[in-house]
Amino acid sequence: MKSSSVARVGLIAALYLSITYFLIPISFGAIQLRLAEALTVLPILYPEAVPALFIGVLLSNALFGGLGLVDIVVGSLTTLVAAIITYRFRHSIIAYLSPIVLNAFIISIYLHLLAGLPYWLTVVSIGLSQAIVVFGLGYPLIWYLRKYIEK
């Protein structure tokens with residue numbers, strides 16, 4: 001891995017962690033708007049974003065989350081799988097949908113089991129918040145990076 005790629009891994013992970021930290025009140029729970037999730041589309045342009053997102057979520061959930069090991073492990077692995085899918089299907093709408101769908105359905109399982117939240121209502125809530133962040137912030141981020149940075 002080139003030094004610029006290693007630096008990008010650190011930068012993306014640190015950005016994810018920082019954004020989550022500064023917005024803790026809205027970043028966790030069934031009703032959340034984790035703005036750091038806008039970064040989940042970065043594998044479209046940068047393959048090194050895959051491990052970076054995994055690290056960012058792992059650290060965020062470990063340091064700030066309240067659901068313990070399940071959230072740390074399952075939340076991080078969900079992001080890792082979504083990032084891999086995003087990278088693999090980077091030329092397709094699937095790239096944007098994978099973090100939305102996977103987070104909505106998988107995170108809702110353990111929120112239901114650990115916190116007693118209603119599963120389908122949680123799926124809708126997380127799915128909607130993910131869609132807002134991915135399409136409202138992530139899509140414009142990719143557009144900007146393609147237009148102004150990647151030239």
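Values quoted throughout were computed directly from the atomic coordinates according to the rules given, and no laboratory measurement underlies them. Owing to the predicted nature of the structure, the values given are computational and were not obtained by experimental measurement. Counting neighbours? That spans all protein chains shown, and the Cβs are built from the backbone with ideal geometry, glycine included.
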Matching label for the computed Kirkwood radius over Cα pairs in Å, out of (1) 15.6; (2) 16.6; (3) 15.1, is (3)
Per the helix-only model, the chain has a calculated mean residue ellipticity at 222 nm (DSSP H runs of ≥4, -39500 (n - 2.57) each, divided over all residues, rounded to the nearest 500) of -18500 deg cm²/dmol
Once you have the Cα-Cα distance between Ser92 and Leu33, take 0.36 nm times their residue separation minus that, and quote the gain in nm to one decimal. 18.8 nm
FRET efficiency estimate (nearest 0.05) - Cβ-Cβ, Leu114 to Leu15, R0 30 angstrom: 0.60
Per the rule of 0.36 nm per residue minus the C-alpha distance, extending Leu137 to Leu77 adds in nm 19.3 nm
I want to verify a result. In a Gaussian network model of the chain, Cα cutoff 10 Å, which of these has the top mean-square fluctuation: Phe135, Phe22, Phe105? Phe22
Quick check for you: which residues of segment 72-99 have the amide N under 20 Å from the point 7 Å beyond the Cα of Lys147 toward its beta carbon? 91-93, 96
